[in-house]
Amino acid sequence: MKRPKRGKLYSLLMLSFALSFATAACGTGSADAGGASKSAAPTADVLSGVAKDDAIAALLPDATRQAGVVKFASSVGSTPPSAFYAEDNKTVQGVDIEIAAAVGQVLGVRIDREVASFEAILPALSSGKYEVGTGNFGVTEARKKTIDFVTYINDGQGFAVRKGDDRVKEVKKLDQLCGLKIGTGAGTTFEATLEKEKHVCADAGKPAYEVSSFGDNGAIYLGLQQQHIDVIMSTINGLRHAAAEQPNLQFLNEFKRLDVGFAFKKGSPLAPAFQAAVNKLIKDGTYGKILDKWGTKDSAIPESRISPPELT
């Protein structure tokens, strides 16, 4: 996995934070460290009715049932709705967090969560440091070589720009980005897609686009506000939510849909139990309540699968 590029652009973004915090346009709510508007998170209780299912819990390995705990690594960002910090900067919340909590309740285990950087989680699963990873991990054929997934939502890749910037109105092909500066997350499918397809500009006889990768979404939004980057490539749900909160941000379009799942070391015996738990939550309506709470019902899946083919 690639580490975040901490060159001149990143330094400029971090050094100029104080100024941007004072001047960035925001919607209702408070601004987070990246200048992104953060409205009050929804508080509806959608988990209190979730009970342990003994038959599904029996699918867990004996050692896990006896220990009663599963070690999670979670990537937690600064912006909703997947996984982000509450205003106390300690509590993690979001759709990923509540789906994981509901699965834990069905299985009768405690989620022992450690926050880790997005790009570090998948390698750490393979090494055995963690048992499960969450971070809006899209299911790709490349990742499936070393990772198993249990799907729980459908999200994917999208684009956003500063409102009023009409250089790009819609991105159907990446050569529409030639000559522009694109901000995205380090170690993500977005970064991989952009780096892999850089040749499209040269092939079209156009100037290359420039990719800047960051370990935190807030830094990406800050870079866009200060015009250090021109376009953001990130999650569909994250960009839609941010555009609804920030009057200076415009969501362009979806680019590619991806199934998103809990990530496990290849061959993990935990996967069948997690799949059964997610499917129970879908069937009993808890899953729909969680997605409604976080405004992501358009990303619902009809059933959970283990390492399905990458969506094309």
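What follows is calculated from the coordinates using simple rules that are stated; it is not laboratory data. All figures in this text were calculated on a predicted structure; none of them were measured in a lab. Every residue, glycine as well, gets a Cβ built from its backbone with ideal geometry; the counts of neighbours run over all protein chains shown.
The table below lists the values:
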quantity: Convex hull (Cα only) mean projected area of the range 84-197, reported in nm² to one decimal; calculated: 9.6
quantity: Highest-MSF residue in the chain out of G187, G77, G288 [GNM, Cα springs under 10 Å]; calculated: G288
quantity: Selected from P80, G205, F137, residue furthest toward positive end of dipole (the chain; charges at beta carbon); calculated: G205
quantity: Antiparallel bridge percentage (DSSP; both residues within the chain; nearest 5); calculated: 60
quantity: Under 14 Å from the Cα of K198 - aspartates and glutamates, other chains or at least 8 residues apart; calculated: D175, E210
quantity: Linear extension gain, E197 paired with L311, 0.36 nm per residue minus alpha-carbon span; calculated: 39.3 nm
quantity: Karplus (6.51, -1.76, 1.60) ³J(HN,Hα), θ = phi - 60°, over the range 67-82, in Hz, Gly and Pro reported as x; calculated: 6, x, 8, 10, 8, 9, 10, 10, 8, 10, x, 9, 9, x, x, 5
quantity: Under 14 Å, Cβ to Cβ, from D54 - net charge with Lys/Arg +1 and Asp/Glu -1; calculated: +2
quantity: Given K169/K206; K181/K206; K71/K297; K173/K256; K144/K181, the pairs whose alpha carbons are separated by over 22 Å; calculated: K71/K297; K144/K181
quantity: Distance histogram in 10 Å bins (all Cα pairs of the chain, percent per bin); calculated: 6, 27, 35, 22, 9, 1, 0
quantity: The chain: calculated mean residue ellipticity at 222 nm from DSSP helix runs of at least 4, using -39500 (n - 2.57); calculated: -9000 deg cm²/dmol
quantity: The range 96-138 residues near the modelled D284 label - backbone nitrogen below 16 Å, point 7 Å along Cα→Cβ; calculated: 98-110
quantity: The range 227-312: relative contact order as a whole-number percent, Cα under 8 Å and 6+ apart; calculated: 29
quantity: Loop GluC sites (Glu not before Pro), the range 227-312 (other Cβ atoms within 10 Å of the site Cβ: 12 or fewer; DSSP); calculated: E303
quantity: The range 89-151: GluC sites (Glu not before Pro) in DSSP loop, at most 12 other beta carbons within 10 Å; calculated: E141
